[in-house]
Structures are given as C-alpha cells and as structure tokens.
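The values are calculated or read from the model by the stated rules, or taken from the named source; none is laboratory data. Note that the coordinates shown come from a computational prediction; the quantities given were computed from them, not determined experimentally. Note that we place each Cβ from the backbone using ideal geometry, even for glycine, and neighbour counts take in every protein chain shown.
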Amino acid sequence: MPVFKFKKCFTENNYPRIVIIFLLLVYTATNFMHHNWTRDDGPDRGVIKWDVISYYAYLPATFIYGDPSLDFLDEGMIDNDNKFWWSPTEDGGKIIYMSCGLSIMYSPFFFMAHILAPVFGEARDGFGSIYQFFLVFGALVYVAIGFIFLKKILLRYFTPMVTALTLLLLGLGTNLYYYSTYEAVMSHSYNFVLITIFLYTVLKWYEKATWSRTFVLGMLFGLIVLIRPTNMLILILLVLWGVDSWSSFTERIRFFLRNIPKVLLMIFAFLLPWIPQFLYWHMITGQIMYYSYGAHGDRFFFDNPHIMESLFSYRKGWLLYTPLMIFAIIGLLPLRKIIRGSTLPISLSLILIVYLMASWWTWWFGGGFGGRIYIDIYGILALPLAALITTVQAHKKKLVRFGIFGLLVFLMFFQLLQTRHYVKTAIHWDSMSKRAYWLNFMKVRHSVDYLPLLSIHDEELCRKGIYVFYDMSEDRSYLKELPEETGIGLMVREIERSRTLPGDIRRYAGRMDISVEEATRMTAERMFYMKRDHRFY
C-alpha cells in the first residue's frame, strides 16, 4: 500500500507541484552552500550590500535608530561601515535614494529577526547574521509564492506536463535562479513574484470584477511601481488583456467607463503603499514627490536607446546570458492561438520595457549577472514559453521534438554553468568584452586571465550619454610621453573614427546648447587623462 501511494504522487497532475518542491530544495541547498548571511563584518556583508543597503535602510533607521532622516549618523551612535547610503539634499539633509517598496516586503522577516536576535545572542542592530538570514529566506518564501501563482496561471491554459517543464526551465534555466539565491534580496525576485500575482489577479478580475479583486489589483500595482517605477508599463496587461481587435478595444474602453467607481477604488488602492514614501519625502525635502536619483545625475536618453546592446552585448546582454528566453519571445507567435487576446499586451509590454531599459544611462544596469532587469517580467514571459513547448510537443516530426527539447535542456544546463562562472568571477559583473567572454566559454575550470581583456566604462561620460569604454588590453604607456595637446588630438581622431561616439557627442551638445567642437574637446580631454593616468582601474 505505501508503494502504491508513492507511485500515485508521481502522476502527471502532480508534476508542477513536484517541480516547485524540487526548485525550492535546490534554492535552499544553494543558500546553505553559499551561506552569505554569515558574512556580516564591516563593509563586506554578504546580503546587505550594494543596492540592498538603500532598499533596506528604512527599516533599521526607523525601527531601531528611530530616525529615518539619518541624523543619528552625525551623532556617532553607530559606525557607518556601509550600513547606510544616502544622498545630500539641497538644504543639507540626507535622503535614502531608493524607494521604500522593498522595505515593506522585507518587513515581516525583519521583525522576526529583531524579535529572535537576543535568543541567538545577537545584537539588535539590524545588520547581524540573523537579520541577513531572515532576509534571504524571506526572499525564498516570496519566490515559492510566485511559483505557486505561476503554476495556477499556466494550468489555466496548458497541460500539467507543459506547466512543469516551463517552471523547471524558468527556475533553473534563467538568471532568476541566481537572483533567488546568491543575491536573493535584490529587487528582481520580488518583482517577479508581484508581477506574477498581478497577472493572476488580472485574469480573475476579468472573470468577475469584484470590489475585493479591484482593491488587490490596485495595491499590487502600487507596490510594484513603488519598488521599480519603470514597471508601471505592466498596466498594459490590465488595460489590454483579452484585446485582439479594434472592436474588443472599444468594448474594453466602454467596460472601464461602466466601472468608474471601481477604477477610482483601484487608484485609491494604488496610492496606499505610496503613503509612507510620500511622508518620508515630505519629512526630508518638504515635497510630496521627489526624484531622488537626480542627485546622481541618473536619467534616461530616449533619443539614444541601446536596444541591441541591452539584448545581445557581451557586457550584459539579456539574451546572451539567458539564451533560453529567446524561445519565450519566439513563443509569442503560437501564443495567440492558445490564449486569445494575450499576444498584444505581452508583446507591447515587452517592447516598451526593452526600449525603456535600453534608454537608461547605464543600459547594462551596473553590476549584475546578465540582463537582470528583465527578470521582473519572467512570470509574464512564461506564457509564450509554455506556448512554444506546447507547439513543439504537438509537432509531427519526432526529430523536431527531440531536437528542440534537447536544445532547451542544454540551455538550462548552460545557464547553470554560466551562473557558476559568474559566482566564480569568470564573468565580470559589469565590464565583460567579447574576448573576455570567449576565453572562458563552456570551460568548467575557468581562467582569471580574462581580467586584462575587460572593457571599463567611463561613468562620468556615460552619465552624459557619451558611451566611452576603455579596453584594458590597450597599450597606453606611450601617452605619458606625449605633450597634452598632441594626446588630446589623438583622442579627437579616435572619436572621429568611432561608429557611435560622434552621434553621442552631437546629442550631448544639443542638450547642453554648446557646439559639437566644444563637446568633442571635452570628451577627448577626459579620455586622454583617463587613459594616460589609468584612472579607470
């Protein structure tokens, strides 16, 4: 009898559940093997580091140090060894430049750690191992919820076998795996979860637009945008889901006009997660709305998007470092026959998100593994991926079926190999080049000899929209012997030979209302001094 029950667990209907359990076991094992929460000394913490410092700062500043204005840093209450990052305001205040959305998501696990810290003999300082441990496993709880809701979405349209395979490929064959384990507390796994639940709620809302579902939709959308404002584009899913013709579009407009009270409730619910942020901005700056990224000069260059680089470059190309998602994009073609009215909102969302991300001043989004910014919408792209798997599964030719499924499995293992390369620094976090990439391609034992082959960006010029990258293998010793004007002249000629720099400089000159010659001279001077003095090391 026990054997029979054991076999019964492995029926096709249970495959999605089994895959989710398997993924969570793999993620948990990875966390314990990495155990990055144990690195809690000084500025080199394993979890609360880089962007997470700012995402998380609201919680200890408010609930431990009692001062979200961060004035306690001036009073010597703590040693600020990378505990808090802030930007100066015009009146000399300190502002946390990331929004508080992730702090809201972290908060249940922060309070658990805060309660249990004395039990484990740790200080209630907000930064010890126990706080980092709860943040990591809090992320795992959220990812588990995300997989459960994604399973619910997929099973509406696809078989359990296709659903299980889609979950497995997404969970291990993309950089979602890395950002749910090694850097689980970054924003991407959280946005993956929230956007997946948002899509599920949209589907349920169009089945029956109850007041409670309306409120939940608004709250979810508000939290998604609070965490990453650029994700406001997923509103397209709500507005256009099920629209596949002009008549259905006009009917959708009439639907919203008939439901104005619910639209107003949704707007109200959207604003609720923003109330703490509005209060914080008003307390620090006197303004309800504040663009905190402005202090760093961060901006979009909509007239110069780097779309191909964002998708395919060696620096951070999404589809180069997560090639499995090429099949998700191809799957948009058969998706229209499987889920009516889904292709338009998903395709339009994807196109606009790619354009927006590629227009950001650092289109590679700083340090990270591949195009991490696109992880947010993997729950949406799971649908076309499942549609492709369904189409391949139904193909008459066995060679085609086995060939494509074999390629999908290969890409999953290739992704795991690339993840290992990134963890072992065989893939650089922000400066990869073509030669550096191919030096370690598919090697189990990678070489660190790729470091001299890197391509380092000039942050000051990139913030101006002038994309200068320095080849680390270039011989620059001769520049020290040249007179300054001669060296700058060489850089001017290098700019003129470039395929992209003249256009970047013309656009910058137009924005700043200066001559192209002046902008070229400024760029050439910067390049000469950086190369001559090796300032980009």
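Does ARG445 meet the test of being closer than 30 Å to LEU170 by Cβ, among the charged types (D, E, K, R) and at pLDDT below 95? The answer is yes for ARG445. Filtering the range 270-311 to residues that are in a helix (DSSP H, G or I), surrounded by fewer than 16 Cβ atoms within 10 Å (Cβ to Cβ) and at pLDDT 95 or above leaves LEU271, LEU272, ILE275, PHE278, LEU279, HIS282, MET283, ILE307, MET308. Of the residues VAL354, VAL392, the single one that is in a helix (DSSP H, G or I), over 24 Å from LEU194 (Cα atoms) and out of contact with any Phe, Trp or Tyr (no Cβ under 6 Å at 6 or more places or on another chain) is VAL392. Selection of helices (runs of 4 or more DSSP H) fully inside the range 430-500 by the criterion of at least 1 residues being of a type in the set (Lys, Arg) and surrounded by 12 or more Cβ atoms within 10 Å (Cβ to Cβ) returns 434-439.
None of PHE256, PHE278, PHE249, PHE302 is of a type in the set (Phe, Trp, Tyr) and touching a residue at least 24 places away in the same chain (Cβ under 8 Å) except PHE302. Could you check, for the range 513-535, whether at least one of its residues is out of contact with any strand residue (DSSP E or B) (no Cβ under 8 Å at 6 or more places or on another chain), touching a residue at least 40 places away in the same chain (Cβ under 8 Å), assigned by TED's automatic domain parsing to the domain that holds CYS462 and of a type in the set (Phe, Trp, Tyr)? Yes: the range 513-535 contains one or more residues that are out of contact with any strand residue (DSSP E or B) (no Cβ under 8 Å at 6 or more places or on another chain), touching a residue at least 40 places away in the same chain (Cβ under 8 Å), assigned by TED's automatic domain parsing to the domain that holds CYS462 and of a type in the set (Phe, Trp, Tyr). Does PHE32 meet the test of being modelled with pLDDT of 95 or more, of a type outside the set (Val, Ile, Thr) and either within 27 Å of the chain's Cα centre (by Cα) or part of a helix (DSSP H, G or I) (or both)? Judged against the criteria, PHE32 is a match. Taking first residues from the range 231-244 that are in contact (Cβ under 8 Å) with a residue 60 or more places away in the chain and more than 20 Å from ALA358 (Cβ to Cβ) and partners that are charged (D, E, K, R) and assigned to a helix (DSSP H, G or I), the Cβ contacts under 8 Å between residues at least 6 apart in sequence or on separate chains come to VAL239/ARG252; LEU240/ARG252; GLY242/ARG252; VAL243/ARG252; ASP244/ARG336.
Selection over the range 153-176 of residues that are crowded, with 20+ Cβ neighbours inside 10 Å and either under 23 Å from LYS204 (Cα atoms) or not aliphatic (A, V, I, L, M) (or both) gives a count of 12.
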